[in-house]
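S.K.: Before I ask anything, here is the structure I am working with.
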Amino acid sequence: MPINFNSQNNVIFIETKNTVYAMKLLHDKFLVHLYYGEKGKFDINLHNSWMDFSPDYNTWRNLVPENLMTEYVGFDSGDWRASSLRVKNKYGQSNVFLDYVGYRIFDGRLPLGDLPSADADENTQTLEISLIDNLTNLSVKLYYTVFPDSDVISRYAVYENNGESALTIEKSMSLTVDLDNCDFDMISFYGNWDNERNFERYHIRHGLQSVYSRRGMSSHTLNPFFALVSPDCDENKGHAYGFNFVYSGNFLSEVEVDHLNHTRVQIGLGDEKFSWLLEKGESFITPEAVMTYTENGYGQMSRNFHKFIRKHILPPEPFNCRPVVINPWEAVWFDINEKMMLEFAENAKKTGMDMLVMDDGWFGERHNDRAGLGDWFANKRKFPDGLKTFVDRVKAHGIKFGIWVEPEMVNPDSDLYRKHPDWCIHCVDRPRLFSRHQLVLDMGNEDVINYLKETFLKTFDGVALDYFKWDCNRPLSQTGSAVLPAERQGEAAHRHILGVYKLQKWFKETYPNCFLENCAGGGGRYDLGMMKFSSMIWTSDNTIPQKRVKIQYGSLMGYPAATMSCHVSNRGGICEDAKQLKFHGDVALAGAIGYEMHLPKASDEMKKSITNQINAYRKYEKLILTGEYYPVINPFLNNYSAYYYMNEDKSEILLSFIQFAPDSGKKVLVPVIYADENAVYIDENGKEYAGKELINGMEFICDDTDNNSDVLYFKKK
Ligand code: DGJ
């Protein structure tokens with residue numbers, strides 16, 4: 001069994017295939033953390049030391065809260081490090097003391113209300129630890145769910161007010177883990193629009209470092225995924241802890257090194273744009289956070305998360321294989337009309353693509369980004385015979401059809417806003433700040449959700465849709481809600497995200513055969529919350545391959561290739577040049593390939609090359625989308641990158657070398673160190689390679705261009 005309570009020493013163990021997590025119960029009252037890491041190197045010693053000037057637990061003078069490693073800590077309870085929970089009581093005081101009450105272990109897991117969470121399988125077990133704050137009678141239940149095969153443990157908490165007076169949650173964290181070491185580098189991913197998930201690595205220092213979002217969305221700026229690794233850690237060796245949050249809104253992740261060189265790691269909703277009124281009898285469920293550990297480098301950390309996400313997070317695939325799409329957005333922007341769309345459809349079919357995705361501009365008076373959001377009715381001038389007839393005409397070409405929506409948003413210049421100006425997120429008597437000329441609808445307002453459901457049902461009635469691209473093009477500011485009383489305004493951002501999840505769930509249930517691709521101005525919500533509803537996310541608006549290679553490297557560190565939508569476009573180079581087109585395609589072959597260009601205007605030569613590219617992708621698709629990812633060369637440290645995908649039995653390998661800046665004459669060795677050393681592999685030209693040769697490395701030679709690439713496929717003989 002993965003979870004065990006040892007009553008002899010009061011230690012609770014959580015085991016995954018390769019890791020162990022342990023906590024201990026002291027005096028039937030205090031729950032302390034013992035260890036998280038490699039199996040077999042388990043350290044059962046309690047890390048504690050008495051110290052003057054620190055509060056102790058009176059009767060147990062040797063127990064000093066701020067020196068102990070812990071599982072979950074109340075605010076201002078003698079532990080001055082970052083707290084897991086801060087709750088204001090009827091005296092206006094916010095301290096919380098958490099005493100142990102009991103535990104239970106059960107198979108599977110409990111649902112998390114409207115929140116997305118990882119699916120259980122036959123090996124999943126859950127530990128529930130009950131704690132109490134005796135003064136207020138606040139019950140805090142900690143949940144540890146174990147996914148043994150992927151070496152992942154998840155955490156969340158449920159608070160229940162069993163007292164007589166209302167409480168206000170002022171800070172909430174889902175995961176707290178204290179590590180008995182502080183010699184770590186932190187790896188996190190920063191960016192902005194068009195430049196997401198840049199890899200950044202730095203040694204942690206005493207005090208607090210954090211990644212977070214206050215934008216109401218997980219955002220382009222700091223992704224919720226981060227890692228703590230030993231200084232010697234690389235792709236293949238060294239200690240690596242990975243952390244992530246199954247949530248798409250504001251978050252706070254704290255990494256704090258204390259006076260005894262422990263490192264406290266926390267992930268949760270935080271305290272900056274969050275508070276929650278908990279009336280007597282009410283309960284609150286925190287979102288889920290996940291963690292993994294390996295001693296085999298950050299490549300293995302990524303593979304643990306990839307396996308976990310593919311198996312426990314991503315929804316079932318509606319099609320046998322991912323459709324290769326043509327999306328005309330970068331070619332025509334808002335300039336949509338039926339005739340032109342049908343030309344795209346015809347050309348897509350001829351070229352071997354599977355689907356036309358009609359992007360922004362098909363509805364309301366949406367001719368640019370200044371108007372129309374909220375008015376989800378097909379524009380009659382653009383589609384004179386209606387949406388249904390248009391889609392039937394697309395389908396007559398023998399391809400699938402997808403459509404763009406941005407349900408959470410409204411333009412002030414729209415019928416919806418003119419009718420319901422208070423349906424948007426805003427603060428009383430404050431200016432409403434526009435971003436891309438739009439405001440955010442308050443998805444915590446049931447009327448908004450109902451309007452959207454009714455409108456989409458009407459507009460899409462009888463329309464043969466296969467795909468939604470769900471966009472979200474601005475973050476939240478002035479985060480107030482017209483439907484919440486003053487004492488609940490701190491709930492607006494979280495309630496908004498819960499509403500977004502409700503509507504995405506409704507879309508999935510109402511259009512069960514449709515594929516849902518999430519997008520947020522490119523990759524602004526590349527997170528596990530969104531991935532629960534959509535197995536693929538638009539990675540970035542930046543389709544310039546020289547930039548994309550870095551964005552994709554950063555994305556792949558936390559998320560599997562199957563989630564990464566990679567389009568070949570005309571941006572950053574003329575694809576009419578065969579070498580450029582090959583380079584774009586080779587870079588896109590890291591994930592699910594698609595196209596974003598003016599296909600009807602492309603030359604026959606180019607269309608032929610695209611067809612060849614799609615045929616090659618089809619051959620490798622399974623390996624890319626379901627195989628294991630092995631990073632070899634980091635593009636943030638070099639002018640080139642290298643990685644490979646390999647299936648579980650090591651019988652197929654797809655190796656990519658991408659040089660994106662001039663490095664003339666440089667020879668680069670790319671070792672395929674996980675290849676089968678006893679096997680003989682054969683490439684697509686029939687050339688044979690001993691497994692050992694691949695392990696020693698394939699040599700690539702850089703040139704003086706910024707678009708030199710090679711993708712090599714090897715199969716076991
Ligand atoms: C931002 C997306 O990332 C683009 O792909 C496109 O859909 C535009 N929005 C449309 O407004």
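The values are calculated or read from the model by the stated rules, or taken from the named source; none is laboratory data. All of these numbers come straight from a predicted model, not from anything done at the bench. Counting neighbours? That spans all protein chains shown, and the Cβs are built from the backbone with ideal geometry, glycine included. To get the accessible areas, we keep the full protein, side chains included, count just its heavy atoms, and leave off ligands, DNA and RNA. Shrake-Rupley method; radii C 1.70, N 1.55, O 1.52, S 1.80 Å.
S.K.: For the chain, calculate the relative contact order in percent as a whole number, restricting contacts to Cα pairs under 8 Å that are 6 or more residues apart.
M.R.: 10
S.K.: Tell me which aspartates and glutamates have Cα within less than 17 Å of K339's Cα, excluding those fewer than 8 residues away on the same chain?
M.R.: Of all the aspartates and glutamates, those that pass the test against K339 - Cα under 17 Å, at least 8 places apart if same chain - are D359, D360, D385, D392.
S.K.: Next up: Using alpha-carbon pairs under 8 Å, 6+ residues apart, how would you state the relative contact order of the stretch 628-683 in percent?
M.R.: After rounding, I find 28 percent.
S.K.: Along the Cα→Cβ direction, 7 angstrom out, place labels at N337 and K502. What is the inter-label distance in nm?
M.R.: Result for the modelled spin labels: 4.2 nm.
S.K.: Follow-up. Report the Cα-based extents of the stretch 3-313 along its three principal axes, largest first, to the nearest Å.
M.R.: 50, 43, 42 Å, listed from the longest principal axis down.
S.K.: In addition: If I ignore ligands, DNA and RNA and count only protein heavy atoms, how much of W80 is accessible to a 1.4 Å probe, in Å² to the nearest 10?
M.R.: Counting only protein heavy atoms, the figure is 140 Å².
S.K.: Then there's this: Rolling a 1.4 Å sphere over the protein heavy atoms, what is the accessible area per residue of the chain, to the nearest Å²?
M.R.: That works out to 37 Å² per residue.
S.K.: List the aspartates and glutamates whose Cα lies under 12 Å from the Cα of K17, skipping any in the same chain that are fewer than 8 positions away.
M.R.: E38, D149, D151
S.K.: Which distance in nm do the two modelled labels at D76 and K39 give, with both placed 7 Å along the Cα-to-Cβ direction?
M.R.: According to this spin-label approximation, the distance is 4.5 nm.
S.K.: From the cross-link list K453/K508; K237/K717; K90/K280; K622/K717; K311/K717; K419/K469, which pairs have alpha carbons spaced over 22 Å apart?
M.R.: Cα-Cα > 22 Å for K237/K717; K311/K717; K419/K469; rest within.
S.K.: Need one number: the % of Cα-Cα pairs in the chain sitting beyond the 42 Å mark.
M.R.: Pairs farther apart than 42 Å: 30 percent.
S.K.: Rounding to the nearest 20 debye, state how big the charge dipole of the chain is about its Cα centre with +1 on each Lys and Arg Cβ and -1 on each Asp and Glu Cβ. If you can, show how the numbers build up before the last one.
M.R.: Values: 77 positive and 98 negative charges, 255 e Å.
It works out to roughly 1220 debye.
S.K.: What full-extension length gain, to one decimal in nm, is calculated for V680 and Y57 as 0.36 nm per residue of separation minus the Cα-Cα distance?
M.R.: Difference between extended and current length: 217.8 nm.
S.K.: Compute the orientation-averaged projected area for the stretch 579-638 from the convex hull of its Cα atoms and round it to one decimal in nm².
M.R.: 5.2
S.K.: Here is a further query. Loop sites only, by DSSP: take the GluC sites (Glu not before Pro) in the chain that have at most 16 other C-beta atoms within 10 Å and name the longest stretch containing none of them. Show your work: numbers first, answer last.
M.R.: On the way: sites that count: E122, E164, E272, E279, E282, E365, E576, E648, E677, E684.
Here the longest run is 366-575.
S.K.: While we're here: How high is the relative contact order of the stretch 3-313, in percent, with contacts defined as C-alpha pairs under 8 Å that are six or more residues apart?
M.R.: After rounding, I find 17 percent.
S.K.: How many nm separate the modelled label positions at R201 and K622, each set 7 Å beyond the Cα in the direction of the Cβ?
M.R.: Distance between label points: 3.5 nm.
S.K.: Work out the length of the dipole vector of the stretch 3-313 about its Cα centre, built from +1 on the beta-carbon of each Lys and Arg and -1 on the beta-carbon of each Asp and Glu, and round it to the nearest 20 debye.
M.R.: For the stretch 3-313, the charge dipole is close to 280 debye.
S.K.: Can you pull the three principal axis extents for the Cα set of the stretch 535-692, in Å, largest first?
M.R.: 50, 39, 33
S.K.: Let me ask you something else. Kyte-Doolittle cut-off -1.0, length cut-off 24 Å along the helix's own axis using Cα: show which whole DSSP H helices in the chain pass.
M.R.: 492-510, 604-626
S.K.: Which semi-axes, in whole Å and largest first, does the equivalent ellipsoid of the stretch 607-717 have when worked out from the alpha carbon gyration tensor as the square roots of 5 times its eigenvalues?
M.R.: Its equivalent ellipsoid spans semi-axes of 22, 19, 13 Å.
S.K.: For a quick check of understanding: with a 1.4 angstrom probe and all protein chains in place, what accessible area in square angstrom does C182 have, to the nearest ten?
M.R.: Accessible area, nearest 10 Å²: 30 Å².
S.K.: Compare the Cα positions of L465, M536, A493 along the charge dipole of the stretch 445-560 (+1 at Cβ of Lys, Arg; -1 at Cβ of Asp, Glu; about the Cα centre) and return the one farthest towards the positive end.
M.R.: The residue sitting most towards the positive pole is M536.
S.K.: Next up: Determine the share of the chain's accessible area contributed by carbon and sulfur atoms, expressed in whole percent, with a 1.4 angstrom probe.
M.R.: About 48 percent, which is the carbon plus sulfur part of the accessible surface.
S.K.: Which one of G242, Y190, S154 has its Cα pushed farthest toward the positive end of the charge dipole of the stretch 132-256, where Lys and Arg give +1 and Asp and Glu give -1 at the Cβ?
M.R.: Farthest towards the positive pole: Y190.
S.K.: D121 to L433: extension gain in nm, 0.36 nm per residue of separation minus the Cα-Cα distance?
M.R.: 107.8 nm
S.K.: I would also like to ask the following. Quick check: residue separation of M1 and D99 times 0.36 nm, minus the Cα distance between them. What number comes out in nm?
M.R.: Roughly 32.6 nm would be gained on extension.
S.K.: Whose amide H sits under 5 Å from the amide H of F377, counting only residues 5 or more places off or on another chain, with H placed in the peptide plane?
M.R.: Residues meeting the amide H criterion: G364.
S.K.: A further question follows. Hey, got the dipole for the stretch 384-516? About the Cα centre, +1 on K and R Cβ, -1 on D and E Cβ, debye to the nearest 20? Please report the intermediate quantities before stating the final value.
M.R.: Numbers: 18 positive and 18 negative charges, 69 e Å.
Around 340 debye, computed over the stretch 384-516.
S.K.: Could you list, in their original order, any pairs among K380/K400; K349/K547; K39/K307 whose Cα atoms are separated by more than 27 Å?
M.R.: Pairs exceeding 27 Å: K349/K547.
S.K.: Then there is this: How much of K24 can a 1.4 Å solvent probe reach, expressed as accessible area in Å² and rounded to 10?
M.R.: 50
S.K.: Can you compute log10 of I(q)/I(0) for the stretch 98-205 with the Debye formula, treating each Cα as one identical point scatterer, at q = 0.10, 0.23 Å⁻¹?
M.R.: Normalising to I(0) and taking log10 leaves -0.46, -1.21.
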